[in-house]
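Undergrad: Handing you this structure, nothing more for now.
The values are calculated or read from the model by the stated rules, or taken from the named source; none is laboratory data. Keep in mind that this is a model prediction, so the values were computed, not measured. Ideal geometry is used to build each Cβ from the backbone, glycine not excepted, and the neighbour counts take in all protein chains shown. Heavy atoms of the whole protein, side chains included, go into the accessibility calculation; ligands, DNA and RNA do not. Shrake-Rupley method; radii C 1.70, N 1.55, O 1.52, S 1.80 Å.
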Amino acid sequence: MNDSPAPTDAPVLEVWCELQCPDCRSALDDLRALRARYGDRLELRLRHFPLEKHKHAFAAAQAAEEALEQGKGWEYVEAVLGHVEKLDREGEPFLVEVARELGLDAEEFDTALVDGRHILIVDADQAEGQAIGVTGTPTYVIGGERLDGGKSQEGLRERVTEIADRLLAEREQ
C-alpha cells in the first residue's frame with residue numbers, strides 16, 4: 001500500500017505490519033522520520049501480516065486497503081495504530097469510526113468489511129511474508145535484506161537509512 005507514487009526507480013521499503021500490534025505502533029516514529037528524510041525518493045509500502053493472536057488484525061488489514069482505495073491509506077494506518085487498545089476492545093465498529101473521523105466513506109468501509117473485497121490482497125501479503133521468512137511484526141525488507149523489528153526496534157531506523165542511502169547512491173551512478 002502506497003498513497004503517493006514514488007519515482008519508478010525509487011528504492012522500496014516494505015513494512016510488514018499488523019494494525020493491532022503495539023510494536024508496529026512503536027515503529028510509527030521511525031516510519032515518519034524515514035518519510036520526512038526521503039520523501040518520494042524512498043517508497044514505503046505497507047504489507048499486511050495479521051497475526052492470529054490479534055482477532056481484529058485481519059479486518060484491520062482489509063480496512064487499510066479500503067482506506068488506500070479512498071485515498072488515505074497511511075493516514076488511516078497511523079490513526080488505527082495510535083489506538084490499538086481501542087481496536088482490541090471495539091473491533092470492526094472502531095475501524096469504521098476511524099474512517100468516518102478521517103472523512104472517508106464509512107458506509108463503504110462497512111460494506112467492504114462485510115463483502116470481503118480486500119481479502120485476496122491481505123491473503124497474498126501474508127503468504128508472501130511467510131515465504132520470505134516474516135514471523136512477526138514489524139518486519140522491514142529493503143534492498144533484499146529482511147530486518148526483524150518485532151524483536152527490537154533498536155537501531156533499525158539507522159540500518160534502514162544506511163541501506164536506503166546506499167541504494168540511492170547506486171541509483172545515481
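Undergrad: Taking only the stretch 70-84 into account, find how many residues are free of Cβ contacts under 8 Å to residues at least 24 places away in the same chain and open to solvent by 40 Å² or more (accessible area, probe 1.4 Å).
TA: 1
Undergrad: Turning to a different aspect of this structure: Taking the stretch 142-173 as the search range and keeping residues that are of a type in the set (Lys, Arg) and not in a helix (DSSP H, G or I), which one is modelled with the lowest pLDDT?
TA: Checking each candidate, the answer is 151.
Undergrad: Would it be correct to say that residue 158 is within 26 Å of residue 53 (Cβ to Cβ), out of contact with any strand residue (DSSP E or B) (no Cβ under 9 Å at 6 or more places or on another chain) and open to solvent by 70 Å² or more (accessible area, probe 1.4 Å)?
TA: Considered against the rule, which asks whether it is within 26 Å of residue 53 (Cβ to Cβ), out of contact with any strand residue (DSSP E or B) (no Cβ under 9 Å at 6 or more places or on another chain) and open to solvent by 70 Å² or more (accessible area, probe 1.4 Å), residue 158 comes out as no.
Undergrad: Out of all the residues in the stretch 18-32, is one or more among the small types (Gly, Ala, Ser) and open to solvent by 10 Å² or more (accessible area, probe 1.4 Å)?
TA: Yes.
Undergrad: So how many residues does the stretch 33-58 have that are of a type in the set (Gly, Ala, Ser) and surrounded by 14 or more Cβ atoms within 10 Å (Cβ to Cβ)?
TA: The total comes to 1.
Undergrad: Something else about it: Against the conditions (1) surrounded by 19 or more Cβ atoms within 10 Å (Cβ to Cβ); (2) closer than 15 Å to residue 24 by Cβ; (3) modelled with pLDDT of 95 or more, where does residue 98 fall short? Just the number, please.
TA: In the conditions (1) surrounded by 19 or more Cβ atoms within 10 Å (Cβ to Cβ); (2) closer than 15 Å to residue 24 by Cβ; (3) modelled with pLDDT of 95 or more, residue 98 misses (2) alone.
Undergrad: Whether any residue in the stretch 18-27 is under 15 Å from the mean Cα position of the chain (by Cα), closer than 12 Å to residue 137 by Cβ, part of a helix (DSSP H, G or I) and modelled with pLDDT of 95 or more is what I want to check.
TA: There is no residue in the stretch 18-27 that is under 15 Å from the mean Cα position of the chain (by Cα), closer than 12 Å to residue 137 by Cβ, part of a helix (DSSP H, G or I) and modelled with pLDDT of 95 or more.
Undergrad: How many of the residues in the stretch 86-141 are part of a helix (DSSP H, G or I) and either in contact with a Leu (Cβ under 8 Å, 6 or more places away or on another chain) or among the aliphatic types (A, V, I, L, M) (or both)?
TA: Summing the residues that are part of a helix (DSSP H, G or I) and either in contact with a Leu (Cβ under 8 Å, 6 or more places away or on another chain) or among the aliphatic types (A, V, I, L, M) (or both) in the stretch 86-141 gives 19.
Undergrad: Regarding residue 64, is this residue crowded, with 18+ Cβ neighbours inside 10 Å, within 13 Å of the chain's Cα centre (by Cα), in a helix (DSSP H, G or I) and not acidic (Asp, Glu)?
TA: Yes: the conditions hold for residue 64.
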